[in-house]
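First the structure, in the form of C-alpha cells, and then the observations on it.
The values are calculated or read from the model by the stated rules, or taken from the named source; none is laboratory data. Computed from a predicted structure; not experimentally measured. Because the Cβ atoms are built from the backbone with ideal geometry, glycine has one as well, and the counts that use them run over all protein chains shown. Note: areas computed on protein heavy atoms with side chains; ligands, DNA, RNA excluded. Shrake-Rupley method; radii C 1.70, N 1.55, O 1.52, S 1.80 Å.
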Amino acid sequence: MALQAIAFYLLAATTVVAGLAVISAKNPVHSVLFLITAFFSAAGLFVLLGAEFLAMILVVVYVGAVAVLFLFVVMMLDVDFAALRQGSVRYLPIGAMVAGLLTVEMILVAVSVAHNGAAAGSTGPTPTGSVTNAEAIGRVLYTDYAYFFQIAGLVLLVAMIGAIVLTLKHRVGVKRQDVGRQTARTPASGMRIVTIKSGEGIDE
C-alpha cells in the first residue's frame, strides 16, 4: 500500500508540473513534449485507480495521435508565434476567471466523491464477477455504442488529413515532387546523347 501511495504522489506531482510547463514554456515544441509527459502520468494514475482501458485510450489516442499530430503541425507550419502572443495579456482576466471556476468545480467534485466513498465504506467501484474494467467498457463500446466509437475514429482521421493538407500550401521557390511527370518520364525524354569533341567541354 505504501508503494501505491508513493506512485500516486509521484505521478500526480509529475502531471501537475508538466501541466504548468505546458502553459509556461516559450517554445511550442517544448509545450507539446510536456503535454505528452502529462498524458503519460495521467495514464499511470488511471492504472492505479483500476481503469486500465482509460489509461490505454489516453496513451493511444491522446499521446499516439493528438499530441504527435500537434507536434508535427507545430514543427511543419510556418507560424509566427510572436505575432500570436501579441495582445494575449488582455485575455488574462477571462482566462483566470475560467481557471478559477474549473478549480472550484474540481474541488467540489473531489469533496463529494470522498464523502460518498467514506459513507459507503469503499474507495471506489469494483468490477462485478470476473469481468475486468477493460472488458466491461469494451463490451459497451463495441456492442451498444459501436457506431459512435467508429464515428469518433472517423473524426480523428479527417482531422489528421486536414492537418496534412494545411502543410501542403504552395510557396514560391520551393520545388515539389510531381509524381505524374515522373511516371510519364521515358528514356527518350529524360536522356540526351551528346557527342563531345576531344579537348572541348559541354556548352549549356
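Of the listed requirements (1) touching a helix residue (DSSP H, G or I) at 6+ places or on another chain (Cβ under 6 Å); (2) surrounded by fewer than 19 Cβ atoms within 10 Å (Cβ to Cβ), residue 10 misses just one: (1).
Looking across region 139-174, just one residue is modelled with pLDDT of 75 or more and not in a helix (DSSP H, G or I), and that is 145. Here residue 56 meets the list (1) within 27 Å of residue 154 (Cα to Cα); (2) crowded, with 16+ Cβ neighbours inside 10 Å; (3) at pLDDT 80 or above almost entirely, failing just condition (2). With respect to the conditions (1) closer than 15 Å to residue 68 by Cβ; (2) crowded, with 16+ Cβ neighbours inside 10 Å, residue 21 falls short on a single one, namely (1).
If residue 121 passes every condition in (1) at pLDDT 70 or above; (2) surrounded by fewer than 10 Cβ atoms within 10 Å (Cβ to Cβ); (3) more than 23 Å from the chain's Cα centre (by Cα) but one, which one does it miss? Exception for residue 121: condition (1).
Here residue 82 passes the criteria (1) at pLDDT 80 or above; (2) over 21 Å from residue 163 (Cβ atoms) except the one numbered (1). If the condition is being under 29 Å from residue 66 (Cα atoms), hydrophobic (A, V, I, L, M, F, W, C) and open to solvent by 90 Å² or more (accessible area, probe 1.4 Å), then region 166-186 contributes 166, 168. So how many residues does region 128-151 have that are surrounded by 12 or more Cβ atoms within 10 Å (Cβ to Cβ) and among the small types (Gly, Ala, Ser)? Number satisfying all stated conditions: 3.
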